[in-house]
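The values are calculated or read from the model by the stated rules, or taken from the named source; none is laboratory data. In this text, all values refer to a predicted model and were calculated from it rather than measured experimentally. Don't worry about glycine lacking a Cβ; one is built from the backbone with ideal geometry, like all the others, and counts go over all protein chains shown. For accessibility, only protein heavy atoms count, side chains too; no ligands or nucleic acids. Shrake-Rupley method; radii C 1.70, N 1.55, O 1.52, S 1.80 Å.
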Amino acid sequence: MKTALSIAGTDPSGGAGVHADLKTFEAHGVYGMAAITAIVAQNTLGVTAVEKASRRILEAQLDAVFGDIFPDAVKIGMVPDAECISVTAAALKKWKARNIVIDTVMASTGKTPLIDSGAEAVLARELLPLARVITPNIPEAEVLCGFRVVTRDDMVLAAKTIARLTGAAILLKGGHLAGSCDDLLIEGDELRWYSAPRIETRNTHGTGCTLSSAIAANLVQGSPLPEAIARAKEYLGEAILRAPGLGRGHGPLRH
């Protein structure tokens, strides 16, 4: 059976973080595991508290997984500070992890910061170059590339800039783009757009977590990256359309 590891924060309401990742892995027939970077008190209304995992317990979790059930893919979400980023990067190098998908989580759906100020540079330097693919949204891409992204041409330049800095494939998500929600994949010299209609809904809690974990699941099932992304986007669209309508804020998906 194929396996995947989520390295991310928690969501006690079940819509995002490792909870969304594990549900997505299961929906794809992949055995899911999780190493917790932070205990996050959140629900559909927002984040109210964060307790970061210590270096010791994060290292121990990663060694426990890699030393017993080696994951076929690793999805990384919330890494809240420079120490967490460095510990994670060191473990991935030590164990020679493969099929690493990084969702550059910098803020919650409600815009609560989920990474310490200044840690983005450590993320870009130590962790992102280990990725098979990185999946920033437009605000995250702006932090990584250093300029505003407001058009499709800006998206191309931003994705190429981040790809050059990291050596990874970049899936730049266009949901924040005015008049469009197309996503852009830069892989080597190849450029590919993924078009999809914008779904008008409040049920968007955990969409980034879900997409990136679905990409990881499809990679371990043998899909090439462009196909893994196409399948993951189709899955995400269905999960949004079939959302159960729970909560009083940004509702969760039907994983």
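What to note about this one:
- Residue ranges of strands (runs of 3 or more DSSP E) in segment 45-131 with at least 3 members out of contact with any Pro (no Cβ under 7 Å at 6 or more places or on another chain), closer than 20 Å to F25 by Cβ and without any contact (Cβ under 8 Å) to a residue 24 or more places away in the chain: none
Let's see how each residue does on (1) at pLDDT 95 or above; (2) of a type in the set (G, A, S):
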residue: A119; (1), (2): no, yes
residue: L128; (1), (2): yes, no
residue: V150; (1), (2): no, no
residue: L177; (1), (2): no, no
residue: C181; (1), (2): no, no
residue: L185; (1), (2): yes, no
residue: L211; (1), (2): yes, no
residue: A217; (1), (2): yes, yes
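- Against the numbered list (1) out of contact with any Phe, Trp or Tyr (no Cβ under 8 Å at 6 or more places or on another chain); (2) surrounded by 14 or more Cβ atoms within 10 Å (Cβ to Cβ); (3) at pLDDT 95 or above, R56 comes up short only at (2).
- Consider segment 132-152 and keep the residues that are under 25 Å from L92 (Cα atoms) and in a helix (DSSP H, G or I). The one that is least open to solvent (accessible area, probe 1.4 Å) is A141.
- Of all residues in segment 88-105, those satisfying the criterion of being crowded, with 18+ Cβ neighbours inside 10 Å and either on the phi < 0 side of the Ramachandran plot or more than 15 Å from the chain's Cα centre (by Cα) (or both) are T88, A89, A91, L92, A97, I100, V101, I102, D103, T104, V105.
- Within segment 14-33, the set of residues being within 20 Å of I115 (Cα to Cα) and either modelled with pLDDT under 95 or open to solvent by 40 Å² or more (accessible area, probe 1.4 Å) (or both) comprises H19 only.
Okay, residues lined up against (1) at pLDDT 95 or above; (2) of a type outside the set (F, W, Y); (3) closer than 22 Å to A124 by Cβ; (4) in contact with a helix residue (DSSP H, G or I) (Cβ under 9 Å, 6 or more places away or on another chain):
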site	(1), (2), (3), (4)
A60	yes, yes, no, no
I76	yes, yes, yes, yes
C84	yes, yes, yes, yes
A90	yes, yes, yes, yes
K94	yes, yes, yes, yes
D103	yes, yes, yes, yes
A107	no, yes, yes, yes
G110	no, yes, no, no
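- Residue in segment 3-16 that is more than 25 Å from G251 (Cβ to Cβ), assigned to a strand (DSSP E or B) and among the hydroxyl-bearing types (S, T, Y) present: yes
- The residues of segment 73-87 that are closer than 15 Å to D21 by Cβ and either open to solvent by 30 Å² or more (accessible area, probe 1.4 Å) or not charged (D, E, K, R) (or both), listed by number, are A73, V74, I76, G77, M78, V79.
- Scanning segment 197-224 for residues that are more than 20 Å from S13 (Cα to Cα), open to solvent by less than 40 Å² (accessible area, probe 1.4 Å) and either hydroxyl-bearing (S, T, Y) or in a loop (DSSP other than H, G, I, E, B) (or both) gives a single hit, S223.
- All positions within segment 59-72 that are open to solvent by 10 Å² or more (accessible area, probe 1.4 Å) and within 18 Å of the chain's Cα centre (by Cα): D72
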